[in-house]
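The values are calculated or read from the model by the stated rules, or taken from the named source; none is laboratory data. Just so you know, these numbers come straight off a predicted model, no measurement behind them. Ideal geometry is used to build each Cβ from the backbone, glycine not excepted, and the neighbour counts take in all protein chains shown. For the accessible areas, the whole protein counts, side chains as well, though only heavy atoms, and no ligand, DNA or RNA atoms are used. Shrake-Rupley method; radii C 1.70, N 1.55, O 1.52, S 1.80 Å.
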Amino acid sequence: MTVQNACGNVQPQFLTRDALFTSQLARIHTFDGITHDKALEILYDATVARQLETTREPIPRHQWGKYFELPVMSVNDVAGYYGLKAKKIKTVISGVPSYLKELFEGGLLVLRDKAIEDACKQLGTPLTTNELILLPPQAVLRMCLFLPAIPTVVATVDTLWNYAVSEELSETTSADWEKTCYRYRAIHCDRISDRELVECLVKAKELNLYPYVQHFGQQDCLKTWSSLFAYEGEFPPPRGDFYRKKHTWLDRISDVCLRE
């Protein structure tokens, strides 16, 4: 994205708070360096800031579950954190315009089949028969940019922007955003055998890596698993390691879902 000055010359746009709402490129660049641990810190700081703002208004309650040691919230929990109805959160995930691609990069999990039963046991929640949507910290944080400007949302956006300024992201330009956005891996997939798939599933669960496989490709691809096991950084991975494919809400059955 570029802007023109008074003389009509094209100039790069610097990252602003407003750009986080209007530019997908700006959002991707901003979140590229935010790990789940850092997102947890930002969300916590936002809650503290909100508590300092008011002594009368109750602060929305929220809680994290653990899915293979990854902190996650259900749709209802995310709604509780932001003080909204679960229907609004579901609309952001599956509605039009769809923000699924960005939430997917933030680690959003859509579980189906036996994966649901396993998750419900770990989270201590009643079994559901349809699909289970879980949001880890970065995906919960990304949500603040797609929600109405109620106090908790505003406090979270403010804290996110303070982080961006402290990391000097406000000094980056649209040229930087484009470099980040087009830095991803396109992989050629060699289909995995059933025996190898079972072995990879077992290994990923033993290492608590199972929730992250979707960042590296589809589960039936051998290279997906080899990339996951070779990765030594924090999650979610930066754009250079991230597997990128066009996603729509209908793709969730094959590309986004964790299933067994």
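Return the total of residues in the range 85-116 being open to solvent by less than 40 Å² (accessible area, probe 1.4 Å) and either on the phi > 0 side of the Ramachandran plot or not β-branched (V, I, T) (or both).
Final tally of qualifying residues: 13.
Name the single residue that is modelled with the lowest pLDDT among those in the range 47-66 being of a type in the set (D, E, K, R) and part of a loop (DSSP other than H, G, I, E, B).
Here is the first cut: in the range 47-66, the residues of a type in the set (D, E, K, R) are 50, 53, 56-57, 61, 66.
Within this subset, residues satisfying the condition of being part of a loop (DSSP other than H, G, I, E, B) are 56-57, 61.
Values: R56: 62, E57: 62, R61: 59.
Looking at the filtered set, the residue picked out is R61.
Counting only residues that are within 18 Å of the chain's Cα centre (by Cα) and not hydrophobic (A, V, I, L, M, F, W, C), how many does the range 106-130 have?
Result for the range 106-130: 2.
In the range 192-234, what residues are open to solvent by 60 Å² or more (accessible area, probe 1.4 Å), in contact with a Ser or Thr (Cβ under 9 Å, 6 or more places away or on another chain) and at pLDDT below 90?
Selection gives L222 alone.
Could you run through the range 126-141 and say how many residues are open to solvent by less than 10 Å² (accessible area, probe 1.4 Å) and out of contact with any strand residue (DSSP E or B) (no Cβ under 9 Å at 6 or more places or on another chain)?
Residues of the range 126-141 that are open to solvent by less than 10 Å² (accessible area, probe 1.4 Å), as a first pass: 134-141.
Within this subset, residues satisfying the condition of being out of contact with any strand residue (DSSP E or B) (no Cβ under 9 Å at 6 or more places or on another chain) are 138, 141.
Counting residues in the range 126-141 that are open to solvent by less than 10 Å² (accessible area, probe 1.4 Å) and out of contact with any strand residue (DSSP E or B) (no Cβ under 9 Å at 6 or more places or on another chain) gives 2.
All but one of (1) without any contact (Cβ under 8 Å) to a residue 60 or more places away in the chain; (2) surrounded by fewer than 14 Cβ atoms within 10 Å (Cβ to Cβ) hold for A119; state the number of the condition that does not hold.
For A119, the failing item is (2).
Please verify whether N162 is polar (S, T, N, Q), under 28 Å from L15 (Cα atoms) and out of contact with any strand residue (DSSP E or B) (no Cβ under 8 Å at 6 or more places or on another chain), treating the condition exactly as stated.
Details: polar (S, T, N, Q): yes; under 28 Å from L15 (Cα atoms): yes; out of contact with any strand residue (DSSP E or B) (no Cβ under 8 Å at 6 or more places or on another chain): yes.
Here the answer is yes, as N162 does meet what is asked.
Looking at the structure I just gave you, is T30 under 28 Å from T172 (Cα atoms), touching a residue at least 60 places away in the same chain (Cβ under 8 Å) and in a helix (DSSP H, G or I)? Working first, answer last.
On the way: under 28 Å from T172 (Cα atoms): yes; touching a residue at least 60 places away in the same chain (Cβ under 8 Å): yes; in a helix (DSSP H, G or I): yes.
In short, yes.
Answer yes or no: is there a residue in the range 241-253 that is surrounded by 19 or more Cβ atoms within 10 Å (Cβ to Cβ) and at pLDDT 90 or above.
No, the range 241-253 contains no residue that is surrounded by 19 or more Cβ atoms within 10 Å (Cβ to Cβ) and at pLDDT 90 or above.
Kindly provide the set of residues from the range 131-155 that are under 15 Å from the mean Cα position of the chain (by Cα) and among the polar types (S, T, N, Q), ordered by number.
Q138
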